[in-house]
Amino acid sequence: MTSEPTLALARIKKRPEYLAVAATRRKWVTPAFILQAKPGTTDSPPKVGFTASKKVGNAVIRSRARRRLKEVARLVMPHHGAMGWGYVVIARQASVSYPFEKLCDDMCWALAKLTSSADLKPSGNKKRRKGAQRSDSDKGQ
């Protein structure tokens, strides 16, 4: 990624906004972060929020993880983020030592997967219970 000038990202800062994104249950997990997404219908730029729990490390390490993820989002979101969507980036322990280029690639990949609805489970693939009877068409007479 080049360091070209980009627009400032809209930020998610309030707890209800974070909860609204989490309530959609749409996420993509990478080794360094978890990206949650909430589809939107407006033409506004994507909104992004960042969080790092104490599992990531002490305050210094959590801040470093957030700063790295903010920079990745600043570079990637304007080009790959969907207009009107809300995103929450949750830092994981690996985000501190993960190579920066790989962080950028993973963010692009996660955004593409969430936008294409690859995270949604297909509804037609329901497993049959063990004791359920098979119909004549399933038996393959």
Seminar exercise, completed: Here region 56-67 yields Karplus 3J(HN,Hα) values (6.51, -1.76, 1.60; θ = phi - 60°; whole Hz; Gly and Pro given as x) of 5, x, 6, 4, 5, 5, 4, 5, 5, 4, 5, 4
Problem set entry | Residues with amide H under 5 Å from that of Gly49, placed H, sequence gap 5 or more | Ile12, Tyr87, Val88, Val89
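Within 10 Å of each residue's Cβ, count the other Cβ atoms and sort Asp105, Asp119 from fewest upward. The partial results should precede the final answer.
Details: Asp105 15, Asp119 18.
Ordered by Cβ neighbours within 10 Å, fewest first: Asp105, Asp119.
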For this session: Might you report the magnitude of the Cβ-based charge dipole of region 23-80 about its Cα centre, with Lys and Arg at +1 and Asp and Glu at -1, to the nearest 20 debye?
Result: 320
Exercise. Hey, can you rank 68-75, 27-34, 54-61, 85-92 by average C-beta count inside 10 Å, highest first?
Worked result: 85-92, 68-75, 27-34, 54-61
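Assuming 0.36 nm per residue, please report the length gained on full extension of the stretch Lys102 to Thr41 beyond their Cα-Cα distance. Numbers along the way, then the final one.
Details: separation 61, 0.36 × 61 = 21.96 nm, distance 3.01 nm.
So the extension gain works out to 19.0 nm.
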For this session: Return, ordered by residue number, the residues of region 49-89 whose backbone nitrogen is under 15 Å from a label point located 7 Å along Cα→Cβ of Ala20.
Result: 49, 84-88
Exercise. How far is the Cα center of region 51-87 from the Cα center of region 19-37, in Å?
Worked result: 12
Seminar exercise, completed: Computed over the Cα atoms of region 10-114, the Rg and Dmax in Å are 12.7, 38
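Read the figures in this text as sums done on the coordinates, not as results from a lab. Bear in mind the structure is a predicted one, so any value in this text is a computation, not a measurement. Don't worry about glycine lacking a Cβ; one is built from the backbone with ideal geometry, like all the others, and counts go over all protein chains shown.
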